Amino acid sequence: MGDPQYLVGSPRSNLERDGRDSAAFAIGINLMLSFVYDYLPYSPVSPTPTLSLAGALWVSDGVDRISRLPDVLLRDILSRLPAKDAARTVALSSRWRPLWRSAPLALVDSHLLPDGGAAGQFTLGAPSPRAVTDAVSRVLAAHPGPFRCVHLTCSTMEEHRGEMARWLDVLVAKGVQELVFVNRPWPLDLRLPATVFSCSSLTRLYLGVWRIPDTAAVPRGARFPNPLELGLCFNAMEDRDLAFMLERSPVLEFLVIMGSQTGVRLRLVSQSLRCLQLGYTYLEDIDVVDAPRLERLFQLGDFRQSELTAPSIKNCSSKIKIGRAPNLRVLGYLRPGEQELGITNTVIVVTMPNLICISAVSINNNANL
């Protein structure tokens, strides 16, 4: 038996034992998946771009002026096209054939669907597109890198564990800069390969619907030296896993935690973080210990009263404690009756809906909130 599968704090076995209706359960999961997809960053490339022809000067002499551009400009053009369209340029002329392999690749697996992803993300129960999974494997193997961005959100990773492991090996070896990696459940807590922690080229990373690797077993030298943005969407993780990722991200500026399959405590010590965004999540405690550059701390929504939330979490309250954060200017709303805010020696409690009573509040004695 593997690790227990979690859904907002409850093992799947408990849900089955409690007689949860499978149809209603699938609807609830699809709802939460829709929130996950909404929090993912937009791809920098599009299969249906909007082009403006205003002011264009057309010359009908039949001369191919684009192919006369320097290689560096043509590679830049190719890096802004979906991978499928960029690969098709090899058919234009011999001039273009080596360019695709030398241009930074932008690969979004939904663009490989027949409709280019126009129908939106797949929901739970929809078939995993084997053709897309195979195409991703071929593209990653054929292109020598680097990869400008790779968004993989269409595959049920449980069905393709071998490909998943090879994808990460290739991405690490060939230098991916932006990675969005989402598992379409089931299971909800499929273990993410620890290979991701050896990807030093990343500047942006979003992980969705995974069980974060046991960071206690990750090599001590593993780190994320370059990510400026980290998104954790509906993952199962322990306190130490979240702390590990923050400690090993020395230049991180933007942290998103959307949803959490289990309660987790956030102890924030970061010399670089500027924005913390929490959405539809449950953190048992948020302790901003030392964050000298933190400017914004947002909260939005709550899964706690959902039918899919474990009873042990529904009735729990949480605390936000602000220690040293001299640049904090924006603090998201508190949930009435559920959260308590402490700033230095002052405790703030929400006594009415949408009302926060604040008096003599200061942060580190030199910044007013």
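Determine, yes or no, whether Glu247 is open to solvent by less than 50 Å² (accessible area, probe 1.4 Å) and modelled with pLDDT of 90 or more.
no
State yes or no: is Phe254 aromatic (Phe, Trp, Tyr) and surrounded by 16 or more Cβ atoms within 10 Å (Cβ to Cβ)?
In short, yes.
Among the residues of region 195-203, is any under 15 Å from Leu255 (Cβ atoms) and buried (at least 22 other Cβ atoms within 10 Å of the Cβ)? Even if it seems obvious, please write down each step before you answer.
Residues of region 195-203 under 15 Å from Leu255 (Cβ atoms): 202-203.
Going one step further and asking which of them are buried (at least 22 other Cβ atoms within 10 Å of the Cβ), we end up with 202.
Yes, region 195-203 contains at least one residue that is under 15 Å from Leu255 (Cβ atoms) and buried (at least 22 other Cβ atoms within 10 Å of the Cβ).
Which of the residues that make up region 257-293 are open to solvent by 30 Å² or more (accessible area, probe 1.4 Å), touching a Phe, Trp or Tyr at 6+ places or on another chain (Cβ under 6 Å) and modelled with pLDDT under 85?
Tyr280
Taking region 129-150 only, how many residues are open to solvent by 10 Å² or more (accessible area, probe 1.4 Å) and either polar (S, T, N, Q) or within 19 Å of Leu81 (Cα to Cα) (or both)?
Of the residues in that region, 10 qualify.
What's the total number of residues in region 228-239 that are at pLDDT 90 or above and more than 12 Å from Arg211 (Cβ to Cβ)?
Residues meeting the conditions: 5.
Collect the residues in region 250-271 that are in contact (Cβ under 8 Å) with a residue 40 or more places away in the chain, in a strand (DSSP E or B) and of a type outside the set (A, V, I, L, M), keeping them in residue-number order.
Gly259, Ser260
Select from region 166-181 the residues that are open to solvent by less than 10 Å² (accessible area, probe 1.4 Å) and within 16 Å of the chain's Cα centre (by Cα) and write down the one among them that is farthest from Asp241 (Cα to Cα).
Looking at the filtered set, the residue picked out is Val176.
Any residue in region 233-252 that is closer than 17 Å to Val176 by Cβ and within 10 Å of the chain's Cα centre (by Cα)?
Taking every residue of region 233-252 in turn, none turns out to be closer than 17 Å to Val176 by Cβ and within 10 Å of the chain's Cα centre (by Cα).
Which condition breaks for Arg184 when tested against (1) touching a residue at least 60 places away in the same chain (Cβ under 8 Å); (2) open to solvent by less than 20 Å² (accessible area, probe 1.4 Å); (3) touching a strand residue (DSSP E or B) at 6+ places or on another chain (Cβ under 6 Å)?
The single condition Arg184 does not satisfy is (3).
In region 97-107, which residues are part of a loop (DSSP other than H, G, I, E, B) and closer than 25 Å to Val180 by Cβ? Walk me through it before giving the result.
Keep residues of region 97-107 that are part of a loop (DSSP other than H, G, I, E, B), which gives 97-98, 103-104.
Within region 97-107, Ala103, Pro104 meet the criteria.
If a residue must be part of a strand (DSSP E or B), modelled with pLDDT of 80 or more and among the hydrophobic types (A, V, I, L, M, F, W, C), how many such residues does region 294-334 contain?
Residues flagged as part of a strand (DSSP E or B), modelled with pLDDT of 80 or more and among the hydrophobic types (A, V, I, L, M, F, W, C) within region 294-334 amount to 6.
Can you find even one residue in region 143-155 that is of a type in the set (A, V, I, L, M, F, W, C) and free of Cβ contacts under 8 Å to residues at least 40 places away in the same chain? Talk me through it step by step, then tell me what you get.
From region 143-155, those of a type in the set (A, V, I, L, M, F, W, C) are 147, 149-150, 152, 154; that's our starting set.
Subset that is free of Cβ contacts under 8 Å to residues at least 40 places away in the same chain: none.
No, region 143-155 contains no residue that is of a type in the set (A, V, I, L, M, F, W, C) and free of Cβ contacts under 8 Å to residues at least 40 places away in the same chain.
From the list Ser94, Ser128, Ser110, Ser155, which one is at pLDDT 85 or above and outside any strand (DSSP E or B)?
Sole residue among the options that is at pLDDT 85 or above and outside any strand (DSSP E or B): Ser110.
The values are calculated or read from the model by the stated rules, or taken from the named source; none is laboratory data. The model shown is predicted, which means the values in this text are computed figures rather than measured ones. So basically every Cβ, Gly included, is an ideal-geometry build from the backbone, and we count neighbours across all protein chains shown. For the accessible areas, the whole protein counts, side chains as well, though only heavy atoms, and no ligand, DNA or RNA atoms are used. Shrake-Rupley method; radii C 1.70, N 1.55, O 1.52, S 1.80 Å.
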